[in-house]
Amino acid sequence: MSQNTLYDKVWDRHKVTTLPNGQDQLFVGLHLIHEVTSPQAFGMLKERGLEVARPDLTHATVDHIVPTGNQDRPYAEDAAENMMVELEENVRDAGIQFSDPTTGDQGIVHVIGPEQGITQPGKTIVCGDSHTSTHGAFGALAFGIGTSQIRDVLATQTIAMEKAKVRKIQVDGELGRGVEAKDIILEIIRRLGTEGGVGYVYEYAGEAIENLGMEGRMSICNMSIEGGARAGYVNPDETTYEWLEATDYFQERPEKFDELKPYWESIRSDDDAEYDDVVHIDASELDPVVTWGTTPGQGIGIHDPIPAPEDLADGKQDTARRAQEHMRVEPGETMEGYDIDVAFLGSCTNARLPDLRRAARIVEGREVADDVRAMVVPGSQRVQQAAKEEGLKDTFEEAGFDWRNAGCSMCLGMNEDQLEGDEACASSSNRNFVGRQGSKDGRTVLMNPRMVAAAAIAGEVSDVRELEEVQTA
Amino acid sequence: MTDATEDIPSVDYVEGSGVPIRGNDIDTDQIIPARFMKVVTFDGLGEFAFFDLRFDDDDNQKDHPFNEERFQDANVLVVNDNFGCGSSREHAPQALMRWGIDAIIGEGFAEIFAGNCLALGIPTVTADHETIDALQQWVDDTPDGDIEVDVAAETVSYGGNEIGVSVDSAQRQALVEGIWDTTALMKSNENAIAETADSLPYVDQTRDEIRSDD
Ligand code: SF4
């Protein structure tokens with residue numbers, strides 16, 4: 001049993017009671033909602049004649065279905081318009097703040113929470129979306145939940161959960177040139193497996209993690225879920241506090257910052273905290289990682305050979321065979337030179353300002369390959385605005401990228417941005433499942449945002465380090 | 001306020017015929033492709049379960065157990081490892097439930113998926129690879145054969161065999177005692193909830209404060 005970790009401390013602070021089934025009832029400090037997973041929960045609430053318990057601790061946005069091209073209302077697609085109207089009604093009736101596209105604050109739920117300063121260390125945060133783990137980058141305990149649990153949270157501001165084990169993932173060493181946070185997490189998932197984290201929460205620690213900015217930490221925590229973990233977090237430190245101090249929330253309430261900081265410090269894992277497991281990764285050994293298959297665990301260094309299924313663990317062989325057939329790759333080959341039809345720079349993993357900045361430096365003065373459809377989908381309206389002011393929009397457009405409005409877009413293909421037929425996509429997102437990007441024959445190769453930029457330029461998966469001007473992350 | 005706990009049935013036992021879905025790492029995008037989630041209720045999701053595995057581009061049926069006549073009445077799904085990985089969408093177990101599934105036996109389940117199943121009263125019980133493999137084979141050979149899932153006893157019986165399975169202890173208790181619908185249960189702890197909220201340094205906003213921020 002872990003002891004004195006951030007997970008233990010935040011859990012204890014939020015525990016209301018132990019339920020008869022042995023689960024703990026936890027108070028929820030922030031409930032984020034969006035259009036896809038909340039309407040059914042509001043419906044269940046109404047059926048039972050219940051009200052939203054703490055609208056003040058609930059915040060809504062629209063991201064999954066929102067069109068990223070023309071956003072005039074009504075939306076071109078009826079189903080999307082209906083979902084938007086439903087959300088608007090629900091939040092209005094309950095008095096929930098809504099970062100809708102007219103506010104300039106709209107965006108992917110895991111981008112806007114941190115941006116607005118409502119994601120804070122030592123909070124429990126839930127959302128009907130598995131990548132809620134992203135918020136753990138701030139030292140919050142953040143969990144993705146299903147719709148019935150959303151109903152629980154709306155009705156009671158609490159959630160029933162079992163305590164997990166804690167695995168510390170100690171990432172030492174310095175990242176090499178062109179290697180990023182995304183590569184660390186892809187490597188972790190490759191090594192521990194997509195189900196390796198089941199039953200665990202991941203604490204990311206060590207020099208390589210501490211040296212990352214908040215965006216990099218978010219990219220890592222984001223994909224905890226791809227590694228099977230229930231959540232992931234980084235202990236808050238000066239980097240975290242600097243970010244928080246600059247947000248609207250604390251700019252408007254500077255006294256709160258001083259008031260809360262001792263609490264944030266108090267919930268950090270103790271130096272002699274006990275973990276259920278510890279794993280070491282040497283960041284300096286990493287190359288940029290790309291996936292060759294159809295699960296996020298099927299990753300390799302850019303110059304490494306694709307494994308033969310028979311060399312993998314028994315349970316992984318069939319999945320690998322099916323994946324290689326789908327992706328049309330052969331064992332022994334590398335992914336370098338794999339033809340790309342689409343380049344997608346977006347998602348809650350990698351569509352924040354520094355991601356776009358780094359990718360823009362790669363495309364600057366270059367052109368997207370002739371047969372490649374390349375797009376940038378900023379993670380939020382604020383990212384979009386800031387990127388525009390810095391001239392990144394122009395850089396991307398001059399290179400031939402399509403510059404779109406904020407949303408989930410081709411990360412899951414619920415709006416108009418979708419793969420067609422068997423198109424292959426270099427993607428900065430987090431899932432390469434079959435059908436994920438909108439076409440069941442589509443092929444997704446996950447990689448870091450600079451690698452996506454390089455793939456867009458070359459028309460094939462390539463090592464970004466072979467282009468000039470590549471800095472460390 | 002209604003007390004919903006009274007209506008919640010105990011799910012200590014599920015009986016019926018099986019349907020095997022083979023393969024590890026079957027993710028939620030395969031169970032229910034995202035394009036079918038543009039809906040504001042879960043009604044009707046059953047017909048879209050495993051849609052892309054069941055139909056080709058022209059909506060012609062492909063080989064898939066959910067398309068096979070002999071499995072149409074099945075209510076016990078038999079799967080392999082890491083089933084339901086991927087997203088937190090409750091649409092996935094909802095689609096399976098609405099197709100007719102009442103219990104799932106497998107080598108392993110993604111955690112959020114298993115939690116979502118529990119919230120619907122669907123047991124997710126596990127056994128090792130050989131046991132599951134044998135059961136899948138039996139179901140294939142005996143599509144109308146009866147499978148009994150005893151959640152309380154942690155056993156599965158079929159064709160004269162009885163196998164031991166594991167059920168997560170909180171899940172077992174919740175299902176057996178009929179306390180898997182947690183809303184009413186948790187709502188009854190209102191005072192303790194308020195106390196916990198008061199003890200947290202960051203929870204101090206009232207609705208009025210929020211309003212005056214606008
Ligand atoms: S960007 Fe992708 S992973 Fe992130 S919330 Fe949207 S759909 Fe989910």
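The values are calculated or read from the model by the stated rules, or taken from the named source; none is laboratory data. In this text, all values refer to a predicted model and were calculated from it rather than measured experimentally. Cβ placement follows ideal geometry from the backbone for every residue including glycine, while neighbour counts extend to all protein chains displayed.
Which residue out of A:Asp72, A:Asp63, A:Asp56 is outside the structural domain of A:Gln418 (by TED's automatic domain parsing) and either in contact (Cβ under 8 Å) with a residue 60 or more places away in the chain or on the phi > 0 side of the Ramachandran plot (or both)? Answer to the selection: A:Asp63.
For A:Thr395, indicate whether it is in the same structural domain as A:Val329 (by TED's automatic domain parsing), over 21 Å from A:Gln71 (Cα atoms), hydroxyl-bearing (Ser, Thr, Tyr) and buried (at least 24 other Cβ atoms within 10 Å of the Cβ). Against the criterion (in the same structural domain as A:Val329 (by TED's automatic domain parsing), over 21 Å from A:Gln71 (Cα atoms), hydroxyl-bearing (Ser, Thr, Tyr) and buried (at least 24 other Cβ atoms within 10 Å of the Cβ)), A:Thr395 does not qualify. Exactly one residue among A:Ser347, A:Ser380 is within 14 Å of chain B (Cβ to nearest Cβ) and either within 16 Å of the ligand (Cβ to nearest atom) or within 23 Å of the chain's Cα centre (by Cα) (or both), and that residue is A:Ser347.
Against the list (1) within 13 Å of the ligand (Cβ to nearest atom); (2) within 12 Å of chain B (Cβ to nearest Cβ); (3) within 28 Å of A:Asp100 (Cβ to Cβ), the condition A:Phe433 fails is (3).
Suppose we keep only residues that are polar (S, T, N, Q) and buried (at least 24 other Cβ atoms within 10 Å of the Cβ) within the stretch A:190-221. Which one would you say is modelled with the highest pLDDT?
Looking at the filtered set, the residue picked out is A:Ser219.
Limited to the stretch A:80-103, what total is found for residues that are closer than 18 Å to A:Asn405 by Cα and more than 21 Å from the chain's Cα centre (by Cα)? Looking only at that region, the number is 5. If you scan the stretch B:65-89, which residues turn out to be under 23 Å from A:Gly297 (Cα atoms) and of a type outside the set (Lys, Arg)? Across the stretch B:65-89, the qualifying residues are B:Val79, B:Asn80, B:Asp81, B:Asn82, B:Phe83, B:Gly84, B:Cys85, B:Gly86, B:Ser87, B:Ser88. So, A:Leu353, is that one free of Cβ contacts under 8 Å to residues at least 40 places away in the same chain, over 22 Å from A:Pro296 (Cα atoms) and either within 16 Å of the ligand (Cβ to nearest atom) or of a type in the set (A, V, I, L, M) (or both) or not? For A:Leu353, the condition - free of Cβ contacts under 8 Å to residues at least 40 places away in the same chain, over 22 Å from A:Pro296 (Cα atoms) and either within 16 Å of the ligand (Cβ to nearest atom) or of a type in the set (A, V, I, L, M) (or both) - is not met. Which of the residues belonging to the stretch B:186-214 are facing another protein chain (nearest Cβ under 7 Å) and modelled with pLDDT of 90 or more? B:Met186, B:Lys187, B:Asn189, B:Ala192, B:Ile193, B:Thr196, B:Ala197, B:Leu200, B:Pro201, B:Tyr202, B:Val203 - these are the residues of the stretch B:186-214 that are facing another protein chain (nearest Cβ under 7 Å) and modelled with pLDDT of 90 or more.
Assess whether A:Thr158 counts as being facing another protein chain (nearest Cβ under 9 Å) and either of a type in the set (Ser, Thr, Tyr) or within 16 Å of the ligand (Cβ to nearest atom) (or both). So A:Thr158 fits the description; yes. When the stretch A:362-381 is filtered for residues that are over 19 Å from A:Met451 (Cβ atoms) and either surrounded by fewer than 22 Cβ atoms within 10 Å (Cβ to Cβ) or without any contact (Cβ under 8 Å) to a residue 24 or more places away in the chain (or both), only A:Asp370 remains. The sole residue among A:Val329, A:Val278, A:Val290, A:Val342 that is within 16 Å of the ligand (Cβ to nearest atom) and modelled with pLDDT of 95 or more is A:Val342.
Among the candidates A:Glu180, A:Glu187, single out the residue that is more than 15 Å from the ligand (Cβ to nearest atom), over 15 Å from B:Ser87 (Cβ atoms) and crowded, with 23+ Cβ neighbours inside 10 Å.
A:Glu180
Restricting attention to the stretch A:1-50 and to residues that are over 27 Å from A:Cys348 (Cα atoms) and small (Gly, Ala, Ser), the residue that is nearest to the other protein chains (Cβ to nearest Cβ) turns out to be A:Gly22. Can you tell me how many residues within the stretch A:318-355 are surrounded by 22 or more Cβ atoms within 10 Å (Cβ to Cβ) and β-branched (Val, Ile, Thr)? Here the count works out to 4.
Each residue in the stretch A:360-379 was checked for being outside any strand (DSSP E or B) and touching a Ser or Thr at 6+ places or on another chain (Cβ under 8 Å), and 5 pass. Restricting the stretch A:436-454 to residues that are in contact with a Ser or Thr (Cβ under 6 Å, 6 or more places away or on another chain) and closer than 15 Å to A:Glu180 by Cβ leaves a set whose member that is nearest to the ligand (Cβ to nearest atom) is A:Leu446. Consider the stretch A:93-114 and keep the residues that are away from the ligand (no atom under 16 Å from the Cβ) and away from chain B (no Cβ under 13 Å). The one that is surrounded by the fewest Cβ atoms within 10 Å (Cβ to Cβ) is A:Thr102.
Could we say that B:Asp140 is without any contact (Cβ under 8 Å) to a residue 12 or more places away in the chain and in a helix (DSSP H, G or I) here? For B:Asp140, the condition - without any contact (Cβ under 8 Å) to a residue 12 or more places away in the chain and in a helix (DSSP H, G or I) - is not met. Reported count of residues in the stretch A:119-148, each being within 10 Å of chain B (Cβ to nearest Cβ), on the phi < 0 side of the Ramachandran plot and either more than 16 Å from the ligand (Cβ to nearest atom) or surrounded by fewer than 24 Cβ atoms within 10 Å (Cβ to Cβ) (or both), is 5.
Restricted to strands (runs of 3 or more DSSP E) entirely inside the stretch A:1-92, those with at least 3 residues that are buried (at least 18 other Cβ atoms within 10 Å of the Cβ) are A:24-27, A:30-33, A:58-61.
Any residue in the stretch A:115-131 that is without any contact (Cβ under 8 Å) to a residue 60 or more places away in the chain, among the acidic types (Asp, Glu), within 24 Å of A:Gly379 (Cα to Cα) and in a loop (DSSP other than H, G, I, E, B)?
No, the stretch A:115-131 contains no residue that is without any contact (Cβ under 8 Å) to a residue 60 or more places away in the chain, among the acidic types (Asp, Glu), within 24 Å of A:Gly379 (Cα to Cα) and in a loop (DSSP other than H, G, I, E, B).
Here A:Ser224 meets the list (1) crowded, with 17+ Cβ neighbours inside 10 Å; (2) farther than 30 Å from B:Leu118 by Cα; (3) among the polar types (S, T, N, Q) almost entirely, failing just condition (2). If you filter the stretch A:220-237 down to residues that are more than 14 Å from A:Arg431 (Cβ to Cβ) and assigned to a helix (DSSP H, G or I), you find that the one that is farthest from the other protein chains (Cβ to nearest Cβ) is A:Ile220.
Looking across A:Gly421, A:Gly407, one residue alone is within 14 Å of chain B (Cβ to nearest Cβ), in contact with a Ser or Thr (Cβ under 7 Å, 6 or more places away or on another chain), more than 16 Å from the ligand (Cβ to nearest atom) and not in a helix (DSSP H, G or I). It is A:Gly421.
Taking only pairs six or more apart or across chains, which ones have beta-carbon atoms under 8 Å, a first residue in the stretch A:436-462 that is surrounded by fewer than 24 Cβ atoms within 10 Å (Cβ to Cβ), and a second residue that is of a type in the set (Val, Ile, Thr) and assigned to a helix (DSSP H, G or I)? So the pair list comes out as A:Ile457/A:Ile362; A:Ile457/A:Val363.
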